[in-house]
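One structure is given here, and the rest of the page talks about it.
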Amino acid sequence: MKQDLRALMRQEKPQKLQMPEGHDKKFVKKLETAFSNETVQKKRNWLQWSIAANIALLIGLGILYLFDSNPKITPTISEDTKQQVVEAHEDNDRISLGDLSPELAKIEDYYTQQIQMELVSLESTDAYRDLVKNSMDRLAELDKEYDLLIDELNQYGPNQKLINALIQNSQWKLDLVRKLSDKLMQLSTSSKNEQLTHQL
């Protein structure tokens, strides 16, 4: 079955292949349509649309930046409020963060309510008593620090640094309670999963 390729090539008669008539014209016509003004116009349209999309994206980001959903509240403390703090200190009354302005009262109420709701929703068992005790000890430390800050507020009067420290302390307390709640939920779920696997 082996055949010599040279012998086969010699036996084969060369054929003259010719292009059909008008082939050159058809080829030139296809080239012209491929690179016509329509194709260039389509590329320009794509460029224009991409520029418009980028501009729309920048405008959208600018609007989001301007209308941030979590704006920084910088309450203004009037001279009357400062005078009330001084008078309260002289009368041995205690002023809290919420007494300084309506905005600060809302902030103080928000954190107090959120912390109370998280504490009420905690489901503690004997298995996690140490974790809860450690978190409650840390919460008590944060409460003491808050009380010291309130004492400073009453003694020296309100200033932005002190107000920010009071708000940050409240944020830390809420974060601590939320982390505790999440950890207890995670541990509870993992122990339930372990019980299910042991049963199977």
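All of the numbers you see were taken from the coordinates with simple rules; none came from a lab. Small disclaimer: the values here were computed from a predicted structure and weren't measured. Cβ placement follows ideal geometry from the backbone for every residue including glycine, while neighbour counts extend to all protein chains displayed.
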- Note on the structure: Summing +1 per Lys or Arg and -1 per Asp or Glu among the other residues with Cβ less than 14 Å from GLU12's Cβ gives +3
- Item | log₁₀ of I(q)/I(0) at q = 0.12, 0.14, 0.21, 0.24 Å⁻¹ - region 104-187, Debye sum with one point per alpha carbon | -0.40, -0.52, -0.96, -1.15
- Task: Round to the nearest 0.05 the FRET efficiency obtained for LYS161 and LEU66 when R0 = 22 Å and r is the Cβ-Cβ distance.
- Result: 0.20
